[in-house]
Structures are given as C-alpha cells and as structure tokens.
Amino acid sequence: MPHHNYPISNTLFNKLPGAAYRCKNQQQRSMIEITDGIKNLTGYGVADFIQDQLPLNSLIHPDDQQPCWDEIQTKLSLHAEYDIEYRIINKSGEIHYVWEHGVGVYHNGQLTELVGFISDLTPKTKQLAKTKQHQQLLLSLASSKHLALGELITFSQLLAEQSALTLNVDRVSLWLFNEQDNTLDLINLYEKGNHSHSSNISLPEADYPEYFKAVRTGRAMDISDITQDQRTQEFIAAYAPNTGVTAMLDVSIRLTGEVIGVICYEMIGHARRWAIEDIAHASELADLTAQLIANKKHIDVENKIIEANAASKAKSQLLATISHEIRTPMNGVLGMVELLYATPLTPQQQSYLDTIRDSGGLLLTIINDVLDYSKLNAGKLQLITSPTAIHELFSSVIWLLQQTHHKKIEIILKKEQGLPEHLMLDNHRLKQVLMNLIANALKFTEQGSITVSYGAIDQQQWFFSVTDTGIGIDPKTIPLLFEPFEQTLSRGNITEGTGLGLPICKNIVDLMQGSIKASSTLGKGTKVLVTLPMHPAPQQSIQADSKGVLSTSLHSNQLHNAPLLNVLVAEDNPTNRLVIQGLLTQCGISPDLCANGLEALEKFQHNKGHYDLILMDCDMPIMDGFTASRKIRQLSYASSHLHIAALTAHALSEFRQQAYEAGMNHYLTKPLKLSDLKNLLLNLERPPKDIHPIA
C-alpha cells in the first residue's frame, strides 16, 4: 500500500521516551527529520543528524548493520511495516539496545523514504539479564549439595556471596531465633567490600521490640532509609553508626508457618529504593534457606536415630560381654557346688553350701535383670504365664533374703483375705519384682522392719506392697524413682547402685498391665504398692502342672542308657572342664575332653565321628565352637543323630540363633545345672532336630 509524505511533529514526539525520524531509503539512513529524543538514545543532538548529516547507520553496532537493513528491505518489499531490535553505540561508547518500528514513504508509487520511531530497550534488557541472573542463582543454590545435606554454614556463606552480587548490596546476613525465641543469633554475615564472613553476634528482643514485631508479622521490610522508618528507629542509636548501614531489605524465614529467622540485605552510605523484583528474589532466597533448615532438622533426627541405634548396639554388646565374663567364673563356682552336693556333708556344711548356692543364684538374677532391662527397653521381653502358688512364692523370696542380709531387720509377711491360692502369671517376673523391692527396702533401712503384704482388692484386682521403716524419700524425688540410672540423693549418702532395679520393676508391672507407685515420709519410711489384674488359675491346669513336674522329675533320674553314651567336651577353661566332667560322671558318663574347637574337630575325625553328644563351648582360642560345629557337620561320616549342644556364657537371643545356624541342636547357658544336663541327656533318646533348645 502506498504511503504519502507527511511531516513529523516535534511537539508531539518530543514528549515520548524515544525518537521519531524521517530518513532516505538508503542503508546509511541519512536523516531528513528527527526529534530531540535522539540525544537521550545516542548522545548526539538533532543538529548532528540534520545539519552535519550524521548517518544513523554509523551508530549501529557493526554486527547488526547488515541484518537490520536486510530485514527492513524484506518487509518493505511486501509493503509491510518493520520491527527490528539492534544495538547502537552512543557518543560515550556505551552500548544501548533499541527497538525500531517504521513504514515506507512512497512518491508517485516509488519507495523513497522511511518514517519510524526508535525507543530504548536497555532498561528492559537489563531487567531480563537481572532476572536471568536471579534464576541462575536460585537454580545453583537449589541444586547445591549443601542444601540437600543441610550444611547451614557453608550454604549461608555461598548464598550471601552470590546474592550480594545479584541484588547489588554491601552486606548480607542470616539470623535465626534461639531456642527461647527471644533472640536472633547471627549465623553468617558477609561484607562484600572486604569479602569477609563473621558470626557470633546476638540481637535480644528486649533491645529491638519494634523490629522483632515486624519480623514476626510481616514478610519483607523494604526500607529505603532506616532513619525514616518506624520499624528501624531502634537501629539509629548504635547499629547504624557502627555499621554504616543506611538501607535494608529484610525478609522473614518461615518454616511450616512459623518465623524462624530473617535474611538481611543492607546498603552502606546511601538510600535505596528496593524494586519489586528485588523483594521477590530475596523472598525466594529466604524460602530456600527455610528448605535447608528443614533438611538439616530431618538429617539431625536421622543422625540421632542412627546414634541411638549404635548406642543400643554398643549397650547390647557391653551387656553381652559383662554377662559372659561373669557367667564363666560363676559356672566354676556353682558347678563345684553341684559336685559338692554329691559328697558326704555335715548339716553345717550343707547349710554353708545352701547359702553359696542361693547367693550365687541371686547374683545370676542380678545379671539377668540387667539383660532384662535391655530387653524391656527394646520391647522384646515376653511374659510366660503358669499356675503360681502365691504364698509359696512370697515365702521363698523372703526366706532367701533373710538368709543373705546381715542387718537386724525383721521381714514380716502379711496375707490378707480373698486371694486364690494359685494365680495365672509369670512367676519368675513376679519374683523378680518382689525381690527387687525388698532388696531396695533393705538397702535404705537400718532399724525396724520391712512388711510385705498381699491380698485381694476385689474380684478383678489384687495387690502386694513393701513397707519399710527406713530413712524415707523427699516427696519431690519420688517421680524419679522409676527413671533409669537416677540416684535418689535425698536418701543421705546412700545411692541406689546403677539405678536399674525400680525401672525394671515398673516395666515388668506395666507389661503385666498393672500399676506401681511409691509414697514416703522423710525419716519414717517408704511404701511401694503394686496392683495387678487377678487371673485365678483353673484347677485342671494346677493338677496338670503338678503331674507334669512330678513326671519329669522321676524321668530325669532314670537315664537308663546314659553310661552307653559317647560324649566329647570342648571347653577352654580348666575349672569349667573339671565341673562338666564331674557333672557327667554323676550321670555315669566318662567324657573325652579337649581345650578348643580345633582339638574337638581332630578328636571327632580321629574317632570317625563315634560320638553321640558334643558339649561345645562357643568362645575358645584357636578355633571357636561355631566354626568347629560347622566343620563337623560338613564331614561325610558325621551322623545325622549327632547332638551338638552349645555350652556358653552368652545369654542373649542373637547368640542362641548363631549357635543354631552353626549346626548346634541345643543351647545351654552357664552356670550349667545338673538338672539341665540330665534333661539334655534325656533328649538323646530320640534323634536331634534342627533346632531343639533345652534352656
């Protein structure tokens, strides 16, 4: 479409942010008319273009000159308007991005001139570049391993250095609220001028209440002049003079809706009006910081779980070691007691031997208590209920403790009415609780008595209590009684050992679905009351249990084929070898003896596997019992009827399973009792099973 000649109105176009022009249709673009706005774009005035004939093309960047002209001519050949973007080099040598829109002017059907408008794209280009820079920083931080790993210090330093450039600020700092939520602690401060990082500064809320209020209630504080804003008046007296800060952009860090800190962007020496883009970018950086802190908290929790599991494993290993090291010599002590019972004894010697046996049994109970606490904590302890004669149980515990304590204190047993003679419960665990409570009362009672009472509360519940006349406990300390490893220092200079006894009692009572509580008066004594659900034992189960015990007892004495058994004992401890040999001799067996797993393997090979039973210690030098058992099972002439019994001081379940996996059929724990050995020998009358635990 032909365009007619028309003049440019300087009055109108001079009000626009750009320059209107009319020029010849030549690549040099010599101007016929141009408005005053051209000076803002190029640094040259109207006279330079009209009078001195400065061609516009000479200001276009050399790389853009030909492409621009080709684009104009292409559009004009189609009688279309043209839109082009290019770079110009102004009078000062600076590059500006411009946009030009124009049309062709025709005279008598011939294209002779161009009319158009040029506007400055530099602010838009700079903003696009700034936006791209912001996006690149966010992408870099979001993909940083420091963010994923919750590495707060490293991440905050990286964020500060990079955002100081993208936001063009002098200082960047990260502050987090302390645990009390009343102080902001400086995590990292970056000062761009000297490229330094610092920390260990705190801002108390008491000194900056208005600022803290703004941090908690707002999202961003874009303060162009801190002396003119109410929220930062508290900084004028000291903070501003000491730091030189004049303008701030502070963005709150929020995690799950809670303000946990703030990121501060600061200018030194002059005011600054913060753009919307600046605020948006700072807010995105605050969100990334919140994500890092969330990651850090999650990782901290995971690390605590890992540490707790490691501590639990270490504790289990320690308990296993303690148990093993104590049970090994106890096997010798109690084993010799078993052998002494088979010799002629005077009544006095019999009494001494009974005391040794009962005291040794009490020591084993203590060892088992420590292991039980570990099981209770792990939720692995299970109750085994059976018909239990309550009065006999209470009487036996009191009799035993009376024999072992050396204080002039009477232990009184009081039975109240309404309680059945037999109850269904775990008698071993009940005895454990009762023994712990009475022993604890004895420890803190120097004179007077201890009264053990028990009876029915109603048809659903029964109770027992232990009341002493000891030194008592401060009522404020009573809640700590059932906490593990707590020492009730209010009881004078006496402590409670490891502090495990009462926590074990509470855990067992809880497992029995009962309750335990204590009451006390300083100087007068303490009472511990246990309440348990009542489950009367059916008469049929009582009779069946009695018959079963009698049958087993009679059967255990028969052992008609025991002298014919070939038994090999592998035990590295000489005393324990002597004990086991003596116990087997009482059963009519003369065993072969060896001191380690390798000797056991060699004896087995030398005798072509002609053994019915191997008593195999697990921990031995040169070759342990697990390895020896596996090698023996692999021999072609090893009979399928061969019994291998683990003989070990380890009492934890994982060692039991390890023994079965090594090819052992039975598991005997030290100290070895004659009754356990007899039960094992009775099992040799039938072929062994893959897993056949005896104890």
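For the residues L285, L249, the requirement of being open to solvent by less than 20 Å² (accessible area, probe 1.4 Å) and part of a helix (DSSP H, G or I) singles out L285. Look at the range 65-86: where a residue is closer than 22 Å to T122 by Cβ and a partner is basic (K, R), sitting 6+ places away or on another chain with Cβ atoms under 8 Å, you get Y82/K75.
Screening the range 47-63 for residues that are within 19 Å of N25 (Cα to Cα) and aliphatic (A, V, I, L, M) and picking the one that is surrounded by the fewest Cβ atoms within 10 Å (Cβ to Cβ) gives I50. Restricting attention to the range 392-432, which residues are part of a loop (DSSP other than H, G, I, E, B), in contact with a Ser or Thr (Cβ under 9 Å, 6 or more places away or on another chain) and closer than 28 Å to Q513 by Cβ? Correct list: E416, D426. Selection of first residues in the range 587-606 that are assigned to a strand (DSSP E or B) and of second residues that are open to solvent by 20 Å² or more (accessible area, probe 1.4 Å), restricted to Cβ pairs under 7 Å at least 6 apart or on distinct chains, gives the following pairs, ordered by first then second residue: D592/K603; L593/R577; L593/Q581; C594/K603. In the range 216-225, the qualifying residues are those that are within 21 Å of I268 (Cβ to Cβ) and not polar (S, T, N, Q), and the one that is most open to solvent (accessible area, probe 1.4 Å) is D222. Starting from residues that are at pLDDT below 90 and open to solvent by 50 Å² or more (accessible area, probe 1.4 Å), keep the ones in the range 622-638 and report whichever is farthest from G335 (Cα to Cα). This residue is S636. Selection of the range 609-657 for residues being assigned to a helix (DSSP H, G or I) and either without any contact (Cβ under 8 Å) to a residue 40 or more places away in the chain or charged (D, E, K, R) (or both) yields F626, T627, S629, R630, K631, I632, R633, Q634, E654, R656, Q657. Could you tell me whether V245 is among the aliphatic types (A, V, I, L, M) and within 15 Å of A160 (Cα to Cα)? Against the criterion (among the aliphatic types (A, V, I, L, M) and within 15 Å of A160 (Cα to Cα)), V245 does not qualify. No other residue among L437, L400, L430, L425 is farther than 18 Å from G525 by Cβ, under 36 Å from the mean Cα position of the chain (by Cα) and open to solvent by less than 60 Å² (accessible area, probe 1.4 Å) apart from L430. Figure legend. Inter-residue proximity from the range 400-413: first residues without any contact (Cβ under 8 Å) to a residue 12 or more places away in the chain, second residues β-branched (V, I, T), beta-carbon distance below 7 Å, spacing 6+ or different chains. Indicated pairs: Q402/I411.
The values are calculated or read from the model by the stated rules, or taken from the named source; none is laboratory data. The structure presented is a predicted model; accordingly, all values stated were derived computationally and were not measured. Cβ coordinates were reconstructed from backbone atoms using ideal geometry, including for glycine residues, and neighbour counts include every protein chain displayed. The accessibility values were calculated without ligands, DNA or RNA, using every heavy atom of the protein model including side chains. Shrake-Rupley method; radii C 1.70, N 1.55, O 1.52, S 1.80 Å.
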